[in-house]
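Enquirer: Sharing a structure with you now.
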Amino acid sequence: MTAAAITGIGAVTPLGVGVDALYAGWTGGRSGIVDGQGACLDFEPTDFLTRKEARRADRSSQLLLAAADEALAQAGWGAPGDELPYAPERVGSIIGSGIGGFITLTENHKAMLEGLPVSPLAIPLLMANGPTGQVALRRGLLGPSWGTVSACAAGAHAIASALRELRAGTVDAVVTGGTEAALVDLARAGFTAMTALSPTGQSRPFHVDRDGFVLAEGGAALVLEDPEKAKARGAEILGYVLGAGSSQDAHHLSAPTPDGSGASRAVTQSLADAGIAATDVDYINAHGTGTPLNDRSETGAMHLALGSHITQIPISSLKSAIGHTLGAAGAIEAVATIRALRDRVAPPTLNLDQPDPELDLLHVQGAPVPLRETNGRAPIALSTSFGFGGHNACIALGGS
């Protein structure tokens, strides 16, 4: 097995609850950013969890559990408590998060300073692997299970790890994805201090006047299965994870390599891992944070990895519509990309009325554009994720 079949996708984002809300909002040019941040205003935890379950889960886990319920229902796995299509010990759970239970952490720290009781659940709720444990517990998943923690590359690394488990034959399926809920004062202050947040509260990737990213929350889940076993049980295959690559800049705590050479290695590896050439790529969902350094470095990475073909590949950033969801970004962007491949379109980068002329890419502006004709071959996309600490990840995705 070289590729993993995607049989279910789910998402909770600032554009609404569910993949349909995410995709329709993005392709329709609607922004989920309100008052300078991307909050999931339509999400009510008790619409998906009992009050007891909601109390026993940090918001990052709540978002992930709702997204996972959507993905698993679409995959035909039913609701919590239903029998799994595979032996429980053959189903893994791998979820990415850059920070973990930041809300739980800050609330309990405040309580401690004020002389109030700290919750006995504070530690298990604030751990970055908490969402992984929560989804495994909710669904009785007994296979390989862990969380990936690599800043803004965590969601993509989780999907890559799930692909490798399937290839190794240790599992028949994996529930994977990413989640983040870091809309707290400490996060805002910290990102502001390092001049990463947009002081104008606008998400404008690749714009000549871009001034930083917009902080957001969200979660997404994907059900990956062995393709033959998915077909045997009659599952609808939405697309494929074809390959993945990762690399390390080893350059700076937060700044990427200026020429993009570090990230380019992850892109090159993803192509080799998927067994495809640069000329096979039909669309790129860019990391595209809107910081001056990232967008310049990413442009360099694309030119290094894809050569002259980069001028023919439409590229856009979902972060223009929802903001930067940190460790959840790679998973949310993978979900949105799979939908775009189904419709054979490249969605736009919002707010890109004046691209930076130094970022010579084929930007999608204003409205979705159709993907090129591929003579019967399913379209292929790359989704990139780069994190503080020099972590780079790239996933190659294919349509069905």
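Each row is one residue, and each column tells you yes or no for (1) in a loop (DSSP other than H, G, I, E, B); (2) under 30 Å from ALA87 (Cβ atoms).
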| residue | (1), (2) |
| --- | --- |
| GLY190 | no, no |
| THR200 | yes, no |
| PRO205 | yes, no |
| VAL241 | no, yes |
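Enquirer: Working carefully through the options LEU304, LEU352, LEU341, find the one that is of a type in the set (A, V, I, L, M), more than 20 Å from ASP259 (Cα to Cα) and either in a helix (DSSP H, G or I) or in contact with a helix residue (DSSP H, G or I) (Cβ under 6 Å, 6 or more places away or on another chain) (or both).
Expert: Numbers: LEU304 fails: more than 20 Å from ASP259 (Cα to Cα); LEU352 fails: either in a helix (DSSP H, G or I) or in contact with a helix residue (DSSP H, G or I) (Cβ under 6 Å, 6 or more places away or on another chain) (or both).
Only one candidate qualifies: LEU341.
Let's see how each residue does on (1) over 16 Å from ALA136 (Cβ atoms); (2) part of a helix (DSSP H, G or I); (3) touching an Asp or Glu at 6+ places or on another chain (Cβ under 6 Å):
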| residue | (1), (2), (3) |
| --- | --- |
| ALA24 | yes, yes, no |
| LEU49 | no, no, no |
| ALA54 | yes, yes, no |
| GLY76 | yes, no, no |
| ASP82 | no, no, no |
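Enquirer: Take region 360-383 and flag every residue that is in contact with a Lys or Arg (Cβ under 7 Å, 6 or more places away or on another chain) and either crowded, with 24+ Cβ neighbours inside 10 Å or part of a loop (DSSP other than H, G, I, E, B) (or both). Break it down stepwise before answering.
Expert: From region 360-383, those in contact with a Lys or Arg (Cβ under 7 Å, 6 or more places away or on another chain) are 370-371, 379; that's our starting set.
The answer is LEU371, PRO379.
Enquirer: Taking region 211-235 as the region of interest, how many residues are closer than 30 Å to THR7 by Cβ and touching a helix residue (DSSP H, G or I) at 6+ places or on another chain (Cβ under 8 Å)? Spell out how you get there, then give the answer.
Expert: The first filter runs over region 211-235 and keeps only residues closer than 30 Å to THR7 by Cβ, leaving 216-235.
Those still in the list that are touching a helix residue (DSSP H, G or I) at 6+ places or on another chain (Cβ under 8 Å) too: 216-226.
Counting residues in region 211-235 that are closer than 30 Å to THR7 by Cβ and touching a helix residue (DSSP H, G or I) at 6+ places or on another chain (Cβ under 8 Å) gives 11.
Enquirer: For region 7-22, name all the residues that are under 28 Å from GLY76 (Cβ atoms) and not in a helix (DSSP H, G or I). Lay out the reasoning, then the answer.
Expert: The initial filter retains those residues of region 7-22 that are under 28 Å from GLY76 (Cβ atoms), namely 7-13, 15-22.
Within region 7-22, THR7, GLY8, ILE9, GLY10, ALA11, VAL12, THR13, LEU15, GLY16, VAL17, GLY18 qualify.
Enquirer: Here's something else I'd like to know. Kindly evaluate LEU186 against the criterion of being more than 20 Å from the chain's Cα centre (by Cα), in the same structural domain as ILE9 (by TED's automatic domain parsing) and either in a helix (DSSP H, G or I) or among the hydrophobic types (A, V, I, L, M, F, W, C) (or both). Before you say what the answer is, go through the steps one by one.
Expert: Numbers: more than 20 Å from the chain's Cα centre (by Cα): yes; in the same structural domain as ILE9 (by TED's automatic domain parsing): yes; either in a helix (DSSP H, G or I) or among the hydrophobic types (A, V, I, L, M, F, W, C) (or both): yes.
Yes: the conditions hold for LEU186.
Enquirer: Okay, moving on. Evaluate region 103-113: report whether one residue or more is touching a residue at least 24 places away in the same chain (Cβ under 8 Å), surrounded by fewer than 18 Cβ atoms within 10 Å (Cβ to Cβ), farther than 22 Å from GLY327 by Cα and in the same structural domain as VAL19 (by TED's automatic domain parsing). Please lay out each step first, then the result.
Expert: Within region 103-113, the subset touching a residue at least 24 places away in the same chain (Cβ under 8 Å) is 103-104, 106.
This time we only want the ones that are surrounded by fewer than 18 Cβ atoms within 10 Å (Cβ to Cβ), so: 106.
Subsequent filtering for residues that are farther than 22 Å from GLY327 by Cα retains none.
The answer is no, given that none of the residues of region 103-113 is touching a residue at least 24 places away in the same chain (Cβ under 8 Å), surrounded by fewer than 18 Cβ atoms within 10 Å (Cβ to Cβ), farther than 22 Å from GLY327 by Cα and in the same structural domain as VAL19 (by TED's automatic domain parsing).
Enquirer: Now for a different question. Being over 18 Å from the mean Cα position of the chain (by Cα) and either closer than 18 Å to GLY101 by Cβ or in a loop (DSSP other than H, G, I, E, B) (or both) is the filter here; which residues of region 26-42 pass it?
Expert: If we filter region 26-42 for residues that are over 18 Å from the mean Cα position of the chain (by Cα), which is where we start, we get 28-30, 34-36, 41-42.
Those that are over 18 Å from the mean Cα position of the chain (by Cα) and either closer than 18 Å to GLY101 by Cβ or in a loop (DSSP other than H, G, I, E, B) (or both): GLY28, GLY29, ARG30, ASP35, GLY36, LEU41, ASP42.
The values are calculated or read from the model by the stated rules, or taken from the named source; none is laboratory data. Bear in mind the structure is a predicted one, so any value in this text is a computation, not a measurement. Note that we place each Cβ from the backbone using ideal geometry, even for glycine, and neighbour counts take in every protein chain shown.
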